[in-house]
Amino acid sequence: MKRIGVLTSGGDSPGMNAAIRAVVRSGIEAGMEVYGIHRGYEGLLEGEITQLDRNDVGDILQRGGTILKTARSRRFQTEEGLDRAAEVLDTFGINGLVVIGGDGSLHGALELSKRGVTVMGLPGTIDNDLAYTDFTIGFDTAVTTVLDAISKLRDTSSAHDRAVIVEVMGRHCGDIAVYAGLTGGAEDVLIPELPYDVNDLCRRIVLSMNRGKQHNIIIKAEGVDISSQELKEEIERKTGRETRLVVLSYLQRGGSPTMRDRLLATLCGAKAVELLKNGSTSKAIGTVAGRIEAFDLAEAMEQTREIDRDMVNLIGILAK
Ligand code: F6P
């Protein structure tokens with residue numbers, strides 16, 4: 001019998017629980033013992049490991065957050081931490097590990113794999129910052145939350161003829177801003193990957209309001225190198241128009257996962273178990289053109305994500 005472990009790491013994302021459920025139940029079905037590692041890599045270093053059965057993952061499919069809890073571990077990122085983590089897994093007889101997390105977590109998984117652990121990486125982050133997969137688990141739910149906020153903000157902005165800046169998450173990646181901007185009908189989107197010009201932005205606000213637009217929704221990713229408060233003040237000064245700021249922050253990380261996130265999480269979790277059962281080497285699992293695919297973990301981590309400039313341009317065209 002194979003013993004496998006599962007952990008969630010970094011920022012939680014809606015759908016992580018669905019992935020845990022799929023790993024545990026597929027693993028048991030395949031005749032494996034499945035162990036839950038609590039609090040990510042930090043908990044691994046502390047040996048916070050318990051065996052999970054089918055009932056332990058009941059009633060979690062629809063819940064945001066992660067029943068295994070998560071953490072950002074600095075200790076794990078050191079040579080000693082990585083060696084210790086591999087040793088703990090060896091002590092527990094765990095010979096396959098499923099890591100559900102974002103870019104940093106999967107880079108950690110790669111380092112572990114270099115120490116002889118077979119690791120399956122699942123893309124669990126709202127940021128959509130992993131290049132090897134179409135989408136990450138949690139991204140769809142986060143964008144849906146942003147869309148809900150935009151439609152409410154649009155009502156009040158129109159009532160007052162105001163501009164509103166909506167700050168969204170995505171540390172180094174503007175995907176939440178771009179997808180929410182295009183599907184939410186934002187007037188402008190500011191993302192860390194592309195330069196911006198505040199004068200241009202202000203000109204567009206004034207011209208569009210003069211043309212009779214009642215609202216102006218500006219989506220700004222948190223990683224852009226001007227603070228949202230500064231941007232708001234600059235817009236007010238340059239346009240002479242009242243502007244409001246809404247920082248959505250952690251609201252975007254919570255909530256029940258959408259169908260898309262549950263599906264992605266479930267299929268990735270089941271695939272991870274299938275690969276471990278077949279004696280595969282370490283892989284990163286995701287989708288390409290909607291189909292589940294597994295990539296060599298090292299190769300997947302070398303890829304860099306490009307922003308979709310056509311989508312960004314389309315936001316500008318449709319906002320006119
Ligand atoms: O990585 C996901 C994410 O939500 C980012 O979008 C955000 O910048 C970061 O986590 C916030 O991290 P923390 O939970 O440590 O405040």
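Quick one: helix 259-277 against the long Cα principal axis of the chain, what's the angle to the nearest 10°, folded into 0 to 90? Rounded to the nearest ten degrees, it is 30.
Which of Ser113, Ser158 has the fewest other C-beta atoms within 10 Å, and how do the rest follow up to the most? Write down the numbers at each step before the final one.
Working: Ser113 21, Ser158 13.
Ordered by Cβ neighbours within 10 Å, fewest first: Ser158, Ser113.
Taking one quarter of the surface of the C-alpha convex hull of region 140-254 gives a mean projected area of 6.3 nm². Percent of C-alpha pairs per 10 Å bin in region 1-157, short distances first: 11, 40, 32, 11, 4, 1, 0. Computing FRET efficiency as 1/(1 + (r/R0)^6) for Arg203 and Asp134, where r is the C-beta to C-beta distance and R0 is 41 Å, gives about 0.70. Pairs of Cα atoms nearer than 8 Å and 6+ residues apart set the relative contact order; for the chain it is 23 percent. If I build a Gaussian network model for the chain, linking alpha-carbon pairs within less than 10 angstrom, which residue out of Val178, Val246, Val198 has the largest mean-square fluctuation? Largest GNM mean-square fluctuation: Val198.
Give me the lysines in straight-line cross-link reach of Lys213: C-alpha distance below 22 Å, same-chain residues under 8 apart excluded. Partners within reach: Lys152, Lys232, Lys238, Lys320.
Alpha carbon centre of region 181-200 versus region 280-303: separation in Å? So the separation of the two Cα centres works out to 31 Å.
With the simple model of a label 7 Å out from the Cα in the direction of the Cβ, Arg115 to Glu233 spans 4.6 nm.
P(r) tail for the chain, what percent of Cα pairs lie past 33 Å?
Roughly 31 percent, rounded to a whole number.
Quick check: the angle from helix 103-113's long axis to the longest principal axis of the chain, C-alpha only, nearest 10 degrees? Tilt of helix 103-113: around 20 degrees. Charges were assigned to the Cβ only: +1 to each Lys and Arg, -1 to each Asp and Glu. The resulting dipole of the chain about its Cα centre is roughly 760 debye. Averaging the sequence gap over all C-alpha pairs within less than 8 Å and six or more residues apart, then dividing by the number of residues, gives region 37-137 a relative contact order of 21 percent.
Quick note: the coordinates plus some simple rules give every number you see, no bench work behind them. Keep in mind that what you see is a predicted model, and the values were worked out from it rather than measured. We place every Cβ from the backbone using ideal geometry, glycine too, and count neighbours over all the protein chains shown.
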